[in-house]
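Notes follow the structure.
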Amino acid sequence: MKTNSKYLGLVTKKFNDFFLVDLKSQENSRNSEKFLCKVKKSINFKDQLIYVGDEVAIEKIDFKSKRAVITSLKKRKNLLVRPSVANISNIYVTCSVEEPELNLSQVNRFLISAESMGVEVSLVLTKCDLISNKRRSFLLDKFEKWGYQVITLNLQKSDCFNNLLAELKQKECSIFMGPSGVGKTTLLNMIIPGLQNSTAPVSNKIKRGKNTTRNVELFSISNQSYIVDTPGFNMQPLEVDIKLLPNLYSEIYKQVIEEGIKCKFRNCLHLKDEGCNLNKSFERYSFYKEMIESSKSHYYQNQED
């Protein structure tokens, strides 16, 4: 049975020249059907590639063979570079408290990289069964000062992530971002029954996990909610205007926007700038300075090139 009607779909997997597309809405209550699609040869998307997470229009649908043709691409909200996935609504930065040991500078880089996408960012701490309740409370207080309400997990106990799962089912498209070996694959296996991605132990030599996931794919976890199954290490390259970097730190944003502090110059970077009125006593200020200096060096290097 074929139809020439046009339907809106979501790309959930990409391989070679084919795309697996979920129909988002159509008649006859076929919302959960998947179709194997190719792009219409006569269509030019202005040199744009189609990525997992893209919304597309499909036509020439064959409900029997589950084949269709992609005829247009909707404008995307955002695009992660590595792994390549479009239209993310939520990023869950995921780090372990032990094995591998928590690295605050690394956590900060992941958080700021995620914040640069302009989506909702959350922090998840795994392997919390390996630390004391006192240490856990200390970390909760620390990251609250950073501006994050932390989700703490013990991946050996399934009931520890029920609140997280309920939260994910209220989001549009979520992704776990974090270093290898922190339990992202184990967490995805718990969220998506039957997924069974392979996991690898943390290396004793380099103290980080091995990348065991290979393909990017979206999985439906509720009526309109998806989770991204991604390759292991996936920090975004931080390519943001240096003038916008202060806005990615909640401690600075709160002072400037909510409390209304004003520096002498509008484009103040809050370093040793003349007339800077920022209270620099917050913990992440040292990380902020490092990122500003690094961004400056990268900028001037590009100018010379």
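Quick note: the coordinates plus some simple rules give every number you see, no bench work behind them. All values derive from a computational prediction rather than experimental measurement. Using ideal geometry, Cβ is built from the backbone for each residue, glycine included, and neighbour counts are taken over all protein chains shown.
Numbers at a glance
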quantity: P(r) tail fraction, segment 80-229 - alpha-carbon pairs more than 17 Å apart, %; calculated: 61
quantity: Spatial separation of Cα centroids for segment 256-275 and segment 85-147, in angstrom; calculated: 28
quantity: When each of LYS75/LYS254; LYS14/LYS41; LYS41/LYS77 is checked by Cα-Cα distance, pairs over 27 Å; calculated: LYS75/LYS254
quantity: Net charge over other residues, Cβ less than 9 angstrom from the Cβ of LEU36 (K, R count +1; D, E count -1); calculated: +4
quantity: Gain upon complete extension [GLU98, LYS34; 0.36 nm per residue less C-alpha separation]; calculated: 19.0 nm
quantity: For CYS263, distant residues with modelled amide H under 5 Å away; calculated: ASN277
quantity: P(r) tail fraction, segment 242-304 - alpha-carbon pairs more than 17 Å apart, %; calculated: 39
quantity: Trypsin sites (Lys or Arg not before Pro) restricted to DSSP loop in segment 45-74 with at most 11 other C-beta within 10 Å; calculated: LYS46, LYS64
quantity: Table column - 3J(HN,Hα) (Hz), segment 126-141, Karplus curve with 6.51, -1.76, 1.60, x for Gly and Pro; calculated: 9, 6, 6, 6, 8, 10, 7, 4, 5, 5, 4, 4, 4, 5, 4, 5
quantity: Antiparallel bridges, percent of DSSP beta bridges restricted to segment 73-200 (to nearest 5); calculated: 10
